[in-house]
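S.K.: Provided herewith is a single structure, encoded as structure tokens, for subsequent inquiry.
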Amino acid sequence: MKITFLAHSGFLVEWEHFYALFDWWKGALPPLRQDKPLLVFVSHSHEDHFDKHIFTLLAEHPDTRYILSHDVRLATRRWEKLGMTAEIFAHVTSIRADSILPLDALGTPLTVRTIPSTDAGVAFLLSAEGKLVYHAGDNNWWHWEDEGRQYCTNMAANYRRSIARLADAVRDEHADCGCAPVIDAAMVPLDPRLEDGYDLGISYLLEQIPVGKLFPMHVWEKFDWIERYRRAHPADAERIVPLRADGETFEL
Ligand SMILES: [Zn+2]
């Protein structure tokens with residue numbers, strides 16, 4: 001499996017039989033092989049996760065399918081603004097949290113599960129080729145102290161609940177598909193704007209669920225905060241991928 005960090009929360013994951021593109025709105029997309037289906041995921045509609053440019057991919061790559069969180073509004077009156085056509089729309093699946101979507105990429109079965117996000121939209125868990133990949137979108141422990149104590153208490157409970165749902169989904173995939181109950185690659189926010197709370201989301205996830213490699217994202221180009229996390233959590237350091245620039249590629 002080859003994982004390319006595009007920018008911000010955007011990743012291209014190349015599996016043996018297909019590509020999965022997550023939350024791409026900026027950063028250069030590497031050339032794609034035409035013989036591999038492309039699945040385009042959008043976790044929610046915020047502008048640092050979704051851009052209408054994704055809809056031009058179908059013309060370049062005919063075997064493209066879009067899996068969009070339900071909060072990406074696709075009403076026909078918005079089609080002109082989005083560059084949407086009936087042909088593109090036929091390739092779109094709109095999905096809510098707590099859903100299971102079985103798909104097929106040239107005969108390879110894959111399952112998409114959606115986890116509720118503490119922000120907008122959903123997080124995705126993909127299961128295929130005996131591997132599990134999690135893309136959190138903006139699902140994070142958003143400890144915004146300025147929002148007050150009640151907000152922070154609710155946030156902590158919501159995030160814990162969401163990670164419990166993710167743990168259930170991992171166990172279910174283990175039971176259904178026989179893959180190991182481990183997330184092989186997880187992409188999770190590490191947001192420096194949270195200051196001292198920057199590490200809560202990742203460290204809680206790593207406590208609760210076995211993860212092979214974790215790609216911190218949503219760092220607003222402050223890659224040194226990834227190093228800061230690794231130094232502050234030496235037991236996790238080996239699992240945390242030290243992203244340093246847009247466009248980096250990793251083989252797993
Ligand atoms: Zn965001």
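S.K.: If you take the residues in segment 146-190 that are out of contact with any Ser or Thr (no Cβ under 9 Å at 6 or more places or on another chain) and within 16 Å of the ligand (Cβ to nearest atom), which one is farthest from Trp220 (Cα to Cα)?
M.R.: Taking the candidates together, the pick is Val188.
S.K.: Okay, next question. Yes or no: Ala167 touching a Leu at 6+ places or on another chain (Cβ under 9 Å) and surrounded by 14 or more Cβ atoms within 10 Å (Cβ to Cβ)?
M.R.: No: the conditions fail for Ala167.
S.K.: Moving to a separate point now. Of everything in segment 102-133, what is within 16 Å of the ligand (Cβ to nearest atom) and among the hydroxyl-bearing types (Ser, Thr, Tyr)? Give them in sequence order.
M.R.: Ser117, Thr118
S.K.: Inside segment 1-42, can you point out the residues that are farther than 22 Å from Glu87 by Cα and either touching a helix residue (DSSP H, G or I) at 6+ places or on another chain (Cβ under 9 Å) or within 16 Å of the ligand (Cβ to nearest atom) (or both)?
M.R.: If the condition is that a residue be farther than 22 Å from Glu87 by Cα and either touching a helix residue (DSSP H, G or I) at 6+ places or on another chain (Cβ under 9 Å) or within 16 Å of the ligand (Cβ to nearest atom) (or both), then Phe5, Leu6, Ala7, His8, Ser9, Gly10, Phe11, Lys26, Gly27, Leu29 are the ones that fit.
S.K.: A follow-up question, please. Being under 19 Å from Glu14 (Cα atoms), hydrophobic (A, V, I, L, M, F, W, C) and modelled with pLDDT of 95 or more narrows it down to one of Ile88, Ile95, Ile54, so name that one.
M.R.: Ile54
S.K.: Among the residues of segment 87-119, count how many are in contact with a Lys or Arg (Cβ under 6 Å, 6 or more places away or on another chain), part of a loop (DSSP other than H, G, I, E, B) and closer than 30 Å to Arg160 by Cβ. First the steps, then the outcome.
M.R.: Quick first cut of segment 87-119, residues in contact with a Lys or Arg (Cβ under 6 Å, 6 or more places away or on another chain) only: 91, 100, 115.
In the following step, the residues that additionally are part of a loop (DSSP other than H, G, I, E, B) were identified as 91.
Retained after the next criterion (residues that are closer than 30 Å to Arg160 by Cβ): none.
Residues flagged as in contact with a Lys or Arg (Cβ under 6 Å, 6 or more places away or on another chain), part of a loop (DSSP other than H, G, I, E, B) and closer than 30 Å to Arg160 by Cβ within segment 87-119 amount to 0.
The values are calculated or read from the model by the stated rules, or taken from the named source; none is laboratory data. Because the structure is a prediction, the values reported are computed rather than measured. Neighbour counts are summed over all protein chains in view; Cβ atoms, including those assigned to glycine, are modelled from backbone coordinates with ideal geometry.
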